[in-house]
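Here's the structure we're looking at; comments come further down.
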Amino acid sequence: MTEDHRFLERARQLDAADRLAPFRACFVGHDDDTVRSYLDGNSLGRPLQASVERVQELMVHQWGGRLIRGWDETWLQLPKSIGDELGRVALGAAPGQCIVADSTTVLLYKLARAAIQARPGRNRIIIDRDNFPSDRFIVEGIADECGLELDWLEAPQDGGVDAELVRSVVGPDTALVLLSHVAYRSGYLADMPAITQAVHDAGALVLWDLCHSVGVVPVELDAWGVDLAVGCSYKYLNGGPGAPAWAYVRAEHQHFRQPIQGWIGSAEPFEMGQGYEPAPGIGRFASGTPPIIGMTAIQDMVDLIGTAGIQNVRAKSVALTEFAVEVTEELLAGYGVVISSPRDPAQRGSHITIDHPSFKKLVGRLWDQGIIPDFREPDGLRLGLSPLSTSFEEVYVGVAAIQAELALG
């Protein structure tokens, strides 16, 4: 048996033994032969069939049938109710601390600005240089706006920020530390409780970006003492392109003043009164009209994760990335491909990044074959593996296709 066929047989055996495999049938396009290997769930998750039906019901019966009455009947409660369920299922957050609203970028701005104002007299923000552009751009803008200084952490490209590095920089002048739980490039999984403690020991606040971990890596925001967190909902929460993000604000911090004072975040939005009085609790971190259609599909993936169990989702994520690492080493190392992600699965999210100078020109050819990873500068292909929708055979098929393209030169 050739090496390729050995891995294919192993993949099929793993799929046969996978207790989460039946969930794949819940996703639209899981049996579409034109997509042979979807390895980009860390950028955009597949839609759920239940979400197609839910959105249709919203548009036809709620929007079409109830019209503006829908706001009073259900819609105004959705940002908090979906937030509470997300907190329960995937975030380790008690009710009243999560809300769905705005984009990741807007929520990062709101919470970062609120945190800085809550630490008067401190004039420094810490962020790593390889964080996602939005995170970096937001704090650069805030620093310029408020006359603050930035402390840039330098982390290895195939790793990320650890507690020791944070402790070496954080100090009495630090107001805020902004970090990603899973690094978007390398997939490095940060030690959230240890880093949070390091930040608190210095009297600063920490804001975590969970875009690449929510729904696939279990977290305990309450138990770990996290101050603030933000995450998107179109990756592992399968909310669809442009679906709104969510924010977590620890109960003890909900007196913070957020900077975008919109009517929905006010105490009595429908009184249309003079002067802004913030809503109590998590509601004050809302601003404008909730994006109801955009948040509708999130509910089905949260329900599915709750049914599957976030610990089981994590276990399959580890198994998928371990298999991807193994197949990559066997099939691609001979072509000069380098794995730029942590080898220890305890330090890795649900994607791995592989580097090769030819990958930029190969992406289009792979997509044309129904092999869909994504490319990140300068040389990286990210293989994003969504445990409830990705099979082991898909992983093998994708890596084998990359090998075939490299062999062509």
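Rounded to the nearest Å, what's the spacing between the alpha carbon centres of segment 352-392 and segment 248-294? Just the number, please.
If you average the Cα positions of each part, the centres end up 40 Å apart.
Would you mind giving the three semi-axes, in whole Å and largest first, of the ellipsoid equivalent to segment 256-409 according to its Cα gyration tensor?
In descending order, the three semi-axes are 44, 19, 15 Å.
State which stretch of the chain is the longest one without any exposed GluC sites (Glu not before Pro), exposure meaning a DSSP loop state and at most 16 other Cβ atoms within 10 Å.
In the chain, the maximal stretch lacking such sites is 221-409.
Taking a 1.4 Å probe, which of K361, K110 shows the most accessible area, and what order do the others take after it?
Descending order: K361, K110.
Residue by residue through segment 235-242, which ³J(HN,Hα) values in whole Hz follow from phi under the Karplus form 6.51 cos²θ - 1.76 cosθ + 1.60 (θ = phi - 60°), with glycine and proline marked x?
8, 7, 9, 6, x, x, x, x
Placing +1 on the Cβ of each Lys and Arg and -1 on the Cβ of each Asp and Glu in the chain, which of G159, L20, L205 has its Cα farthest towards the positive end of the resulting dipole?
Working it through, the farthest residue towards the positive pole turns out to be L205.
Semi-axes of the equivalent ellipsoid for segment 219-341, please: Cα gyration tensor eigenvalues, times 5, square-rooted, ordered largest first, whole Å.
Listed largest to smallest, the semi-axes of segment 219-341 are 40, 16, 15 Å.
Anyone know which of D209, D191, D40 comes out most mobile in the 10 Å Cα GNM of the chain?
Maximum fluctuation in the GNM of the chain, among the listed residues, is at D191.
Between D151, D128, D355, where does the largest GNM mean-square fluctuation fall for the chain, given springs only between Cα atoms within less than 10 Å?
D151
Can you give the accessible area of R343, probe radius 1.4 Å, in Å² rounded to 10?
130 Å²
Please figure out what share of the DSSP beta bridges in the chain is antiparallel and state it in percent, rounded to the nearest 5.
Of the beta bridges lying entirely in the chain, close to 50 percent run antiparallel.
Tell me, what is the FRET efficiency for T74 and V52 to the nearest 0.05, using R0 = 25 angstrom and their Cβ-Cβ distance as r?
0.85
Using a 1.4 angstrom probe, figure out how much accessible area the chain has per residue, in square angstrom, rounded to the nearest whole.
41 Å²
Rg/Rh for segment 1-69 to two decimals, with Rh computed the Kirkwood way over all alpha-carbon pairs.
Radius of gyration over Kirkwood radius for segment 1-69 works out to 1.21.
For R19 and W263, what does the FRET efficiency come to when R0 = 30 Å and r is the distance between their Cβ atoms, rounded to the nearest 0.05?
0.05
Express the relative contact order of the chain as a whole percentage, based on alpha carbon pairs under 8 Å and six or more residues apart in sequence.
Relative contact order of the chain: 24 percent.
Among (1) 78, 48, 36; (2) 75, 57, 35; (3) 114, 52, 33, which is the computed Cα extents along the principal axes in Å?
Label (2) holds the value from this structure.
Considering only DSSP states other than H, G, I, E and B, which trypsin sites (Lys or Arg not before Pro) in segment 12-54 qualify as loop sites with at most 13 other Cβ atoms within 10 Å?
R19
Leaving ligands, DNA and RNA out of it, work out the accessible area of H30 with a 1.4 Å probe and give it in Å² to the nearest 10.
60 Å²
How large is the charge dipole for the chain, taken about the Cα centre, if only the Cβ atoms of Lys, Arg (+1) and Asp, Glu (-1) carry charge, to the nearest 20 debye?
In total the dipole reaches around 500 debye.
Counting helices only, and only those DSSP H runs with n ≥ 4, report the 222 nm mean residue ellipticity of the chain as the sum of -39,500 (n - 2.57) divided by its residues, in deg cm²/dmol to the nearest 500.
Calculated from helices alone, the mean residue ellipticity at 222 nm is -11000 deg cm²/dmol.
Given a Förster radius of 45 Å and the C-beta distance between Q117 and K361 as r, what FRET efficiency does 1/(1 + (r/R0)^6) yield to the nearest 0.05?
Computed FRET efficiency for Q117 and K361 comes out at 0.45.
Taking the Cα centroid of segment 16-59 and of segment 136-173, what is the distance between the two, rounded to the nearest whole Å?
One Cα centre to the other: 37 Å.
To the nearest 10 square angstrom, what accessible area does H255 show with a 1.4 Å probe?
120 Å²
Which one of Q197, Q274, Q261 has the biggest mean-square fluctuation once the chain is modelled by GNM with Cα springs under 10 Å?
The residue that fluctuates most here is Q274.
Between helix 392-408 and the chain, what is the angle of the helix's C-alpha long axis to the longest principal axis, kept within 0 to 90° and rounded to the nearest 10?
Long axis of 392-408 versus the principal axis of the chain: about 60 degrees.
Ignoring ligands, DNA and RNA, what percent of the 1.4 Å accessible area of segment 251-392 is carbon and sulfur?
Heavy-atom surface of segment 251-392 belonging to carbon and sulfur, 1.4 Å probe: 53 percent.
Towards the positive end of the charge dipole of the chain, with charges on Cβ (+1 Lys, Arg; -1 Asp, Glu), say which of G225, H351, P387 has the farthest Cα.
G225
Apply the Karplus curve 6.51 cos²θ - 1.76 cosθ + 1.60, θ = phi - 60°, to the phi angles in segment 206-216 and return the couplings in whole Hz, x for Gly and Pro.
10, 10, 9, 9, 9, 4, 9, 10, 4, x, 9
Taking θ as phi - 60°, what are the ³J(HN,Hα) couplings along segment 310-327 by the Karplus curve (6.51, -1.76, 1.60), each to the nearest whole Hz, with x for Gly and Pro?
4, 5, 5, 4, 4, 4, 6, 4, 4, 4, 5, 5, 4, 5, 4, 4, 4, 5
The values are calculated or read from the model by the stated rules, or taken from the named source; none is laboratory data. Because the structure is predicted, anything quoted here is derived from the model rather than measured. Backbone-built Cβ (ideal geometry, glycine too); neighbour counts: all protein chains shown. Calculation scope for accessible area: heavy atoms of the full protein, side chains included, ligands and nucleic acids excluded. Shrake-Rupley method; radii C 1.70, N 1.55, O 1.52, S 1.80 Å.
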